[in-house]
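Asker: For reference, the structure I am asking about is given below.
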Amino acid sequence: MINVAIDGPAGAGKSTVAKAVASKLGLVYLDTGAMYRATAYTALESGIDPCDGEAVEKMLEGMKLEIVFEDGVQQIYVNGVNTTPHLREHRMSKAASDISALPCVRYKMVELQREFAAARDVVLDGRDIGTFVLPNANCKFFMTATAEERANRRFKELVEKGQDVDYDTLLADIKQRDYNDSHREVAPLKQAEDAILLDTTNMTIDEVVAAVVERVEQTRRNSDGEGKGQTPSSDTADEKSDNKKAEETAAPLTRKQKREAKKEEKLLKRIKKYYAPDKTFRMYRFLRVFLHPLQAFLWPIKAIGAERGRIDGNAIYVCNHYSGADILLPCYVLFKDEAHVLAKYELFKHRLVGWFLHKLGAIPVRRGEADIDAVKSVLKVLKEGKKLMLFPEGTRNLEGSQDMADLKTGAARFAIKTKSPIVPMMYYAPPKLFKRNWLYIGEPFTLEQFYGSMTPEDMHAATEIIRQKMDEARAEVNRIAEEAKRK
Ligand code: DC
């Protein structure tokens, strides 16, 4: 099976190249941008704002999107209506960019795209094909060109069609879409590490097509060789190394490799189960009896304002994070309630540690990528009225400094999506053995002004509010701790 992924920003020429490559190589071409455009069209036609996350999510529940090929040309039917004639309308570009930032839309499209690619030899073009939709694609390309060159191409194309367009407006539109597409939280536009970069600023379409075709053919030859257990002949150094890879993978698996593959499969299955977090928190309650006195002895913490964290129903506690010792205490002991935490995926690979974390209600998360399973789990627990404790810096602050790294927008997204209040918390310093530390719990707040929106700008503005509230908590904890030290 051949899967070719072509990603890149708007107007880089991806669809022209993908179509030509597909026709030369006998592959099926899927224009994934058209799927986002069709979704945007359906929203606009129903009077739904493409940025209104809630309304779009509702719309998706009853939406049936079908990809059909009529005379070899892709058509997208939504609820039985062919949307294709409307997809290139100017208003659809901005609407598609907005709607594609909504996680609910991406999950639905990505599922359909994966299903489509699993069944045939394909070329997919889009923004996240190599990084997210088909991370194991055989050939990945990242096509780009300067914004000016892309605006210029679009300008010429529209003028040829007899449309009255303004170059500066086109350029501004392209820059805005670049920003939107590369700053969204879920699967943003970025080059996959193993993608071949094609800067087409000074290349003709034919040159780009030839480069892509050559590479795909080379990969095909290598995998044919692999299938037959032969070593394909090679000319270039590059080909030689590819052929070597093919040879390596063509060799039959040793017993040890088979055992390892089985082990890996089992491991993945086990971790998958942990994405549904344990509801009973039995371990949490059990540990509380021992761990709290132990923690109080080893790392005594003075909590200020714990009553503010005791909330009925869902809530997100956001806190600075220095070490494992700062996680357990606040949730159960201070707030008399359990909170789920996100823990890095790798920790769950270890059987005992994974089981233990699971029993503590932890949810695995693959860091540095859009982990759909983790997002779904978090939304589910919050919607069920439970609590989440998040460290919005995304990782521990190993320097032990009070300065926080850039905050991730996840906390804002979860809070907006589930209408959860946020409780800002701040430790005074990293825990030190037998030294008293201070933890300030601030006034809960909501991000109500952003409900219904998921635009990247709003997510950054909402995250900025979280940062301000955490800064206020820091000022308070510093004031109180330093006053106490003076006394
Ligand atoms: O490629 P295009 O201009 O038709 O795409 C329309 C919008 O859809 C674009 O702004 C980004 C989005 N898109 C996406 O987010 N992921 C894809 N795989 C394809 C398109």
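Readers should treat all values here as calculations from the given coordinates under stated rules, not as data from a laboratory. A quick note: this is a predicted structure, and the numbers were derived from the prediction, not measured. Ideal geometry is used to build each Cβ from the backbone, glycine not excepted, and the neighbour counts take in all protein chains shown.
Asker: List the residues, sorted by chain then number, that are 5 or more residues from residue 140 or on another chain and whose placed amide H is less than 5 Å from its amide H.
Answerer: 5, 196
Asker: Given the chain, what percent of its DSSP beta bridges are antiparallel, to the nearest 5?
Answerer: Working: 13 of 48 bridges.
Among the beta bridges of the chain, antiparallel pairing accounts for roughly 25 percent.
Asker: Find the relative contact order for the range 1-66 and round it to a whole percent, using C-alpha pairs within less than 8 Å whose residues are 6+ positions apart. Provide the component values of the computation, followed by the final result.
Answerer: On the way: 21 pairs, mean separation 8.6, N = 66.
In percent, rounded to a whole number, it is 13.
Asker: Please identify the GluC sites (Glu not before Pro) of the range 165-208 that satisfy two criteria: DSSP loop assignment and at most 12 other Cβ atoms within 10 Å. Which are they?
Answerer: Details: sites: 185, 193, 207; in loops: 185, 193.
Loop-located and lightly packed - 193.
Asker: While we're looking at this one, here's another question. Would you please put 271-279, 208-216 in order of how densely packed they are, using the mean number of other Cβ atoms within 10 angstrom per residue and starting with the highest? Could you put the intermediate results ahead of the total?
Answerer: On the way: 271-279: 16.4, 208-216: 18.7.
Peptide ranking by packing, descending: 208-216, 271-279.
Asker: Here's another thing I want to ask about it. Please state, rounded to one decimal and in Å, the Kirkwood hydrodynamic radius that the chain gives when every pair of distinct Cα atoms enters the mean of 1/r.
Answerer: On the way: mean 1/r = 0.0394 Å⁻¹.
The answer is 25.4 Å.
Asker: Here is a follow-up. Ignoring everything except DSSP H segments at least 4 long, calculate the 222 nm mean residue ellipticity for the chain; use -39,500 (n - 2.57) per segment, divide by total residues, nearest 500. Could you put the intermediate results ahead of the total?
Answerer: Details: 15 runs with 228 residues, N = 487.
Result for the chain, helices only: -15500 deg cm²/dmol.
Asker: Excluding same-chain residues fewer than 8 positions from residue 417, which lysines have a Cα within less than 16 Å of its Cα?
Answerer: 58, 376, 380, 383, 386, 387, 408
Asker: Here's a follow-up. Mind ranking 400-410, 67-77 by how tightly packed they are, going by the mean number of other C-beta atoms within 10 angstrom, highest first?
Answerer: Working: 400-410: 15.5, 67-77: 13.0.
Sorting 400-410, 67-77 by mean packing, highest first, produces 400-410, 67-77.
Asker: Only Cα pairs under 8 Å and at least 6 apart count here; give the relative contact order of the range 371-462 as a rounded whole percent. Intermediate results must be reported in sequence, preceding the final value.
Answerer: On the way: 93 pairs, mean separation 22.0, N = 92.
Answer for the range 371-462 is 24 percent.
Asker: Based on Cα positions only, what radius of gyration and what Dmax would you give for the range 291-447, in angstroms?
Answerer: 14.9, 41
Asker: What whole-number value in cubic angstrom gives the convex hull volume per residue for the C-alpha atoms of the range 379-487? Please report the intermediate quantities before stating the final value.
Answerer: On the way: hull volume 12.7 nm³, N = 109.
Measuring per residue, one finds 116 Å³ for the Cα hull of the range 379-487.
Asker: How high is the relative contact order of the chain? Use alpha-carbon pairs under 8 Å, at least six apart in sequence, and give a whole percent. Mind showing how you got there, number by number?
Answerer: Details: 775 pairs, mean separation 76.1, N = 487.
Over the chain, the number comes to 16 percent.
Asker: By how many degrees, 0 to 90 and rounded to 10, does the Cα axis of helix 237-250 deviate from the longest principal axis of the chain?
Answerer: Relative to the chain, helix 237-250 is tipped by roughly 70 degrees.
Asker: Output ³J(HN,Hα) for the range 282-287: one whole-Hz value per residue in order, computed from phi by the Karplus curve 6.51 cos²θ - 1.76 cosθ + 1.60 with θ = phi - 60°, and x for Gly and Pro.
Answerer: Along the range 282-287, the couplings run 4, 5, 4, 5, 5, 5 Hz.
Asker: Please list 3J(HN,Hα) in residue order for the range 74-88, calculated via the Karplus relation 6.51 cos²θ - 1.76 cosθ + 1.60 where θ = phi - 60°; whole Hz, with x for glycine and proline.
Answerer: Rounded to whole hertz, the list is 5, 10, 10, 9, 10, 6, x, 9, 7, 8, 3, x, 9, 5, 9.
Asker: Taking amide H atoms as placed 1.01 Å from N in the peptide plane, list the residues 5 or more away in sequence, or in a different chain, whose amide H sits under 5 Å from that of residue 303.
Answerer: For residue 303, the qualifying residues are 439.
Asker: Length gain on complete extension for the stretch residue 487 to residue 267, per 0.36 nm per residue less the alpha carbon to alpha carbon distance? Present the calculation step by step, with values, prior to reporting the outcome.
Answerer: On the way: separation 220, 0.36 × 220 = 79.20 nm, distance 5.39 nm.
Answer, rounded to one decimal: 73.8 nm.
Asker: Using a simple charge model, +1 on the beta-carbon of Lys and Arg, -1 on the beta-carbon of Asp and Glu, nothing else, what dipole does the chain show about its Cα centre, in debye to the nearest 20?
Answerer: Values: 76 positive and 72 negative charges, 677 e Å.
Taking the Cα centre of the chain as origin, the dipole is about 3260 debye.
Asker: May I pose another question? According to the square roots a ≥ b ≥ c of the eigenvalues of the Cα gyration tensor, what is the shape class of the range 413-459, taking rounded for a/c under 1.5, prolate for a/b larger than b/c otherwise, and oblate for the remainder? Before the final figure, lay out each step's value.
Answerer: Numbers: a/c = 4.33, a/b = 2.92, b/c = 1.49.
Prolate.
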